[in-house]
Amino acid sequence: MAITGNDIEVAKEFLMKGELVAIPTETVYGLAGNALNDSAVLSIFEVKNRPAFDPLIIHTDSLEKVQQYVSDFPEKALQLAVHFWPGPLTLLLPKKQIIPDLVTSGLDNVAVRVPDHPLLLELLKELPFPLAAPSANPFGYISPTNAGHVNAQLGEKIAYILDGGESEVGIESTIVGFENDEPVVYRLGGLAVEEIEEIVGKIKLMPHSSSNPKAPGMLKSHYAPRKPLYLYERGIFPAGDDELTGYLVFDKYLEDIDLKYQRILSKSGDMKEAAHNLFAFLRELDTLPVEQIRAERVPSEGLGLAINDRLQRAAAK
Ligand code: TXA
Ligand code: MG
C-alpha cells in the first residue's frame, strides 16, 4: 500500500525527486510525475504498463503557465480555456521544445489542462514544472475516482497518494483539438459538448477509432472491467438471468432482480450524478460474485454521450 495523505509538501518532495504521486482531480485520479523529466515520464509508462505510443496530458494551475509550454493558441482555444479552466477540458496545442517527446509520444501537439481541484491546484502552484498524468489505473482498466481505487491497483508501485476525496465529475476530461483553428472533439468527457458549443458554436466530433494516428490513445477496448460487460439499449435486458449477473441501470431498478446485484447511476436521471457514479459502480459490480455485467445505455444528451462512449468501450471485445 502506498502512503496516503493530504499533505502537499510531502507530494511536492516526492515529485521534485522525480518520483510518482497519485493526484486527485475533479475528473479521475491521475498518476503524476514531473513532465519535464524524462525518467519520471518513463516510470509513468512503466507503472501503468502503458504503451509508449499513447501520449500523456500535462497539468498545471494557470493559463499563463500553459502558454509557456505551447507555441500557438488559436482564438477559439483561448476562448475555451478562459471559459472552462480550471475544469474538465483538455486542449491539444502545438508543443514548445521544452516538452519532452516522450510526453507526446513524438507528436507535435501536447495535451494540456488546468484541473479543478483545490488541493491539486495548491500543489501545482508550488511546483516549478507541469505534471504529466494519465489516469491512475493499469492500462485498459477502469479509471479511479478515489484514493482507495488507486491503492487497490497501483498502491505497491507509487510513493504517495494525495487523497483529495472523491472525484466530483467521475469521468475523464473532454479532449478538444484544432483543425485549421476550428475545434474538434477527440474524446468525449466530463465537459458536455453542448457547453462547449455555447462558447464556440457547432463543433465536430472525431469518430473514435484505435487507428487514428492523431489520437493514438483512443483505443476501442478501454475502461474495461475484468468481467465481460454486455451493453443494451435502454430498458431492454434479456429475460431469465440468474444471480450470476450484475446490472448497471440508468434510473430504474429492474423489478425481478435482487437489489444487491444492481447499481443505479441516478434515480432522478441526472447525467452529472450518473457520470460521477459510473466508474465506482463498474468497479463494485466487477468485485461482486457474478460472472458477467449487463449495462444499459443512457440517453444521449449532455454527459450521456461520454457515459455511453465509456460503456461502449468497456463492452468492446
Ligand atoms: O481527466 C483526465 O483527462 C485525466 C486526469 C488525470 O487529468 N487524465 C486522463 O489521461 O484521462 P489518460 O492518459 O488516461 O488519457 C489521455 C488521453 C489518451 O487517450 C491519449 O491518447 C490522449 O489523451 N492524448 C494525450 N496527449 C495527446 C496528444 N498529444 N495528441 C492526441 N491525443 C493525446
Ligand atoms: Mg486513462
Calculate for the chain the 222 nm mean residue ellipticity that helices alone would give, adding -39,500 (n - 2.57) per DSSP H run of length 4 or more and normalising by residue count, nearest 500 deg cm²/dmol. -8500 deg cm²/dmol
In debye, nearest 20: dipole of the stretch 1-58 around its Cα centre with unit charges on the Cβ of K, R (+) and D, E (-)? 120
Using a Gaussian network model of the chain whose springs link C-alpha atoms within less than 10 Å, name the residue from Ile142, Ile199, Ile158 with the highest mean-square fluctuation. Ile199
Where both residues lie in the chain, what percent of DSSP beta bridges are antiparallel, nearest 5? 40
Can you give me the long-range amide H partners of Ala136? Hydrogens built in the peptide plane at 1.01 Å from N, cutoff under 5 Å, separation of 5 or more residues or another chain. Tyr29, Gly30, Leu31
Amide H neighbours of Arg234 under 5 Å, counting only residues 5+ apart in sequence or on other chains, H built in-plane at 1.01 Å? Arg297
Going through the stretch 110-176, which trypsin sites (Lys or Arg not before Pro) have at most 13 other Cβ atoms within 10 Å and a DSSP loop state? none
Enumerate the calculated ³J(HN,Hα) couplings along the stretch 193-199 in order (Karplus 6.51 cos²θ - 1.76 cosθ + 1.60, θ = phi - 60°), each rounded to whole Hz, writing x wherever the residue is Gly or Pro. 4, 4, 5, 5, 5, 4, 8
Please compute, over every Cα-Cα pair in the stretch 39-158, the percentage with a separation greater than 26 angstrom. 20
In whole angstrom, how far apart do the alpha carbon centroids of the stretch 64-134 and the stretch 157-194 sit? 12
For the stretch 238-281 the trypsin sites (Lys or Arg not before Pro) that pass both the DSSP coil test and the at-most-16 other-Cβ-within-10 Å test are Lys252, Lys267
Along its principal axes, what span do the Cα atoms of the chain show, with the longest given first and each in whole Å? 59, 46, 33
Taking DSSP loops as anything outside H, G, I, E and B, show the longest stretch in the chain free of chymotrypsin sites (Phe, Trp or Tyr not before Pro) there with at most 14 other beta carbons within 10 Å. 54-252
Go through Glu46, Glu179 and list them by solvent-accessible area, largest first, probe radius 1.4 Å. Glu46, Glu179
For a quick check of your reading of the filter: which trypsin sites (Lys or Arg not before Pro) in the stretch 10-107 sit in a DSSP loop and have no more than 14 other Cβ atoms within 10 Å? Lys17, Lys96
Given H placed on each backbone N at 1.01 Å, which residues far from Leu191 in sequence or on other chains put an amide H within less than 5 Å of it? Thr174
Reachable lysines from Lys267, criterion Cα separation under 20 angstrom, eight or more residues apart if same chain: Lys252
Which distance in Å, rounded to a whole number, links the C-alpha centroids of the stretch 1-19 and the stretch 265-317? 32
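The values are calculated or read from the model by the stated rules, or taken from the named source; none is laboratory data. Given the structure is predicted, the values throughout are model-derived calculations rather than measurements. No Cβ is skipped: glycine too gets one built from the backbone with ideal geometry, and neighbour counts run over all protein chains shown. All accessible areas refer to the heavy atoms of the entire protein, side chains included, with ligands and DNA or RNA removed. Shrake-Rupley method; radii C 1.70, N 1.55, O 1.52, S 1.80 Å.
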